[in-house]
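Only one structure is covered here, and it is reproduced in the block below.
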Amino acid sequence: MAADLKVDLCVIGAGSAGLSVASAAAQFGASTVLIERGNMGGECLNTGCVPSKALLAAAKAAHAVRTTGCFGVDAAPPTVDFGRVHRHVRDVIAAIAPHDSVERFENLVVQVIRAEARFVGPREIRYYEDIGLIRPPERRENRYRTYGETDVQTLRFIYRARNLGFSLKDISALLTLYQDRERASREVKHLALEHVSELDRKIAELTAIRNAIADLAERCHGDDRPDCPILDELGATAH
Ligand SMILES: Cc1cc2nc3c(=O)[nH]c(=O)nc-3n(C[C@H](O)[C@H](O)[C@H](O)COP(=O)(O)OP(=O)(O)OC[C@H]3O[C@@H](n4cnc5c(N)ncnc54)[C@H](O)[C@@H]3O)c2cc1C
């Protein structure tokens, strides 16, 4: 879904930093949108501060039992059931999670969007316009460009295709096929398979380079002596 969001503040990431900023901004009355692609609470709640301190608390408890002797109190050595320790860690996270939750932030009148945020620079968009990947946008009275849902969808398409390593020429062909309801899927498959062959060729090339370097590294003693087949190879005048 594409929609124009007109807000005072857009916060990317619902970790400790983003949550604090979004919560403060909303409480100051700023209209705020918070975008999170993963778990609300970020590192601190899910994999950092909270689980590590919960784990340390369990470790401290075991240590306290092991060292009661110094108080003149004898106790049997503790047995640690890691499954239950793990459950304790998950319970601690679950107890704090509501504080960082979508619901809490929506109650603070923050609009929470669960998605990956991405910036697209004007130069990138202009370039796509110049090479005909996207149509020139309509202009408002103040001459500002206005992009509609179709343009945003096209930009997403280009972004995903680029992430898969397709060239701009291929992307242009794929976009034409995407927009053509009468297309034959064989043409799309043909393009995809050509791209797979190109990737295979690059993988073979990189594998050969990797093996050549690994072989040189294998032959290098890697000690205090100066002899080094890697540098000899790089410095060779001719083959
Ligand atoms: C084991 C461990 C223990 C720690 N213990 C402590 C401690 O005791 N005390 C302490 O102060 N600190 C501790 N830290 C550090 C603490 O976790 C971090 O400093 C803190 O989480 C950083 O918060 P942040 O909001 O900057 O980033 P993060 O928590 O990493 O949050 C960033 C969020 O942004 C989201 N995001 C990123 N890019 C995008 C995008 N393009 N679109 C949408 N969402 C996006 C990510 O999914 C993530 O949720 C610990 C860290 C670790 C690893």
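The values are calculated or read from the model by the stated rules, or taken from the named source; none is laboratory data. Keep in mind that this is a model prediction, so the values were computed, not measured. Note that we place each Cβ from the backbone using ideal geometry, even for glycine, and neighbour counts take in every protein chain shown.
See the values below:
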{"item": "Residue identified as within 26 Å of residue 98 (Cα to Cα), out of contact with any Asp or Glu (no Cβ under 8 Å at 6 or more places or on another chain) and surrounded by 12 or more Cβ atoms within 10 Å (Cβ to Cβ) among 45, 9, 19", "result": "9"}
{"item": "Candidate set: region 89-115, residues that are free of Cβ contacts under 8 Å to residues at least 40 places away in the same chain and among the basic types (Lys, Arg); chosen: the one nearest to residue 6 (Cα to Cα)", "result": "104"}
{"item": "Given (1) over 30 Å from residue 150 (Cβ atoms); (2) within 14 Å of the ligand (Cβ to nearest atom); (3) not hydrophobic (A, V, I, L, M, F, W, C), number of the condition residue 74 does not satisfy", "result": "(2)"}
{"item": "Number of the exception - residue 147 against (1) modelled with pLDDT of 90 or more; (2) within 27 Å of residue 170 (Cα to Cα); (3) out of contact with any Lys or Arg (no Cβ under 8 Å at 6 or more places or on another chain); (4) surrounded by 12 or more Cβ atoms within 10 Å (Cβ to Cβ)", "result": "(1)"}
{"item": "Where a residue in region 52-70 is on the phi < 0 side of the Ramachandran plot and its partner, wherever it lies, is outside any helix (DSSP H, G or I) and more than 11 Å from the ligand (Cβ to nearest atom), with Cβ under 6 Å and at least six apart", "result": "62/78; 62/80; 65/75; 65/78; 68/75"}
{"item": "Only listed residue being loosely packed, with under 11 Cβ neighbours inside 10 Å and of a type in the set (Asp, Glu), chosen from 180, 170", "result": "180"}
{"item": "Criterion violated by residue 40 - all others in (1) without any contact (Cβ under 8 Å) to a residue 24 or more places away in the chain; (2) not in a helix (DSSP H, G or I) satisfied", "result": "(1)"}
{"item": "Residue in region 1-50 that is farthest from the chain's Cα centre (by Cα), counting only those that are under 29 Å from residue 144 (Cα atoms) and of a type in the set (Val, Ile, Thr)", "result": "7"}
{"item": "In region 18-69, residue farthest from residue 7 (Cα to Cα) [restricted to those that are near the ligand (Cβ under 8 Å from one of its atoms) and charged (D, E, K, R)]", "result": "53"}
{"item": "Residue list for region 108-132, restricted to those being touching a Leu at 6+ places or on another chain (Cβ under 7 Å) and within 26 Å of residue 173 (Cβ to Cβ)", "result": "120, 131"}
{"item": "Considering residues of region 108-117 that are touching a helix residue (DSSP H, G or I) at 6+ places or on another chain (Cβ under 7 Å) and assigned to a loop (DSSP other than H, G, I, E, B) only, the residue nearest to the ligand (Cβ to nearest atom)", "result": "108"}
{"item": "Residue 105 closer than 30 Å to residue 156 by Cβ, part of a loop (DSSP other than H, G, I, E, B) and within 16 Å of the ligand (Cβ to nearest atom)", "result": "no"}
